[in-house]
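Notes to accompany the following structure.
Every read-out reported here was derived from the displayed coordinates using simple, explicitly stated rules and does not represent laboratory data. All of these numbers come straight from a predicted model, not from anything done at the bench. Ideal geometry is used to build each Cβ from the backbone, glycine not excepted, and the neighbour counts take in all protein chains shown.
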Amino acid sequence: MRGGEGRQAKNVGAFIREAKSTGIPLVSIYEWKDNDSAQSDRERSFGLMKSGSVPKQSMEVVNKELQSK
């Protein structure tokens, strides 16, 4: 994955902050959990959770951002 989990967490956090600041009422984050059967390494790593249901850094950021005002 380009940039790894740290980069994913940074990008997801920025996305949520931007959505909140502009008043967007609903966003969708693709996808919930990494997919071991995806065709490429990159596509296997989109999830907020690892394929074994272990939270990634990005999930921690999402929780923090959604709980903040």
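What is the number of the single condition among (1) over 17 Å from residue 3 (Cα atoms); (2) more than 11 Å from the chain's Cα centre (by Cα); (3) among the hydroxyl-bearing types (Ser, Thr, Tyr) that residue 40 does not meet?
Failing condition for residue 40: (1).
Looking at the range 1-30, I want the residues that are touching a residue at least 24 places away in the same chain (Cβ under 8 Å) and under 21 Å from residue 43 (Cα atoms) and have a partner that is of a type in the set (Lys, Arg) and assigned to a loop (DSSP other than H, G, I, E, B) with Cβ atoms under 8 Å, at least 6 apart or on another chain. Which pairs are those?
Sorted first by the residue in the range 1-30, then by its partner, the pairs are 5/56; 8/56; 9/56.
May I ask you to list pairs of residues, at least six apart or on different chains, whose Cβ atoms are under 6 Å apart, with the first in the range 53-68 being surrounded by 12 or more Cβ atoms within 10 Å (Cβ to Cβ) and the second being small (Gly, Ala, Ser)?
57/9; 58/9; 61/9; 61/13; 65/13
Would you mind stating whether residue 34 is touching a residue at least 12 places away in the same chain (Cβ under 8 Å), out of contact with any Gly (no Cβ under 6 Å at 6 or more places or on another chain) and over 14 Å from residue 65 (Cα atoms)? Before you say what the answer is, go through the steps one by one.
Details: touching a residue at least 12 places away in the same chain (Cβ under 8 Å): yes; out of contact with any Gly (no Cβ under 6 Å at 6 or more places or on another chain): no; over 14 Å from residue 65 (Cα atoms): yes.
So residue 34 fails the test.
Could you run through the range 20-41 and say how many residues are surrounded by 13 or more Cβ atoms within 10 Å (Cβ to Cβ) and over 19 Å from residue 57 (Cβ atoms)?
Residues of the range 20-41 surrounded by 13 or more Cβ atoms within 10 Å (Cβ to Cβ): 20, 29, 31, 33-35, 38.
Still in the list and also over 19 Å from residue 57 (Cβ atoms): 20, 38.
Of the residues in that region, 2 qualify.
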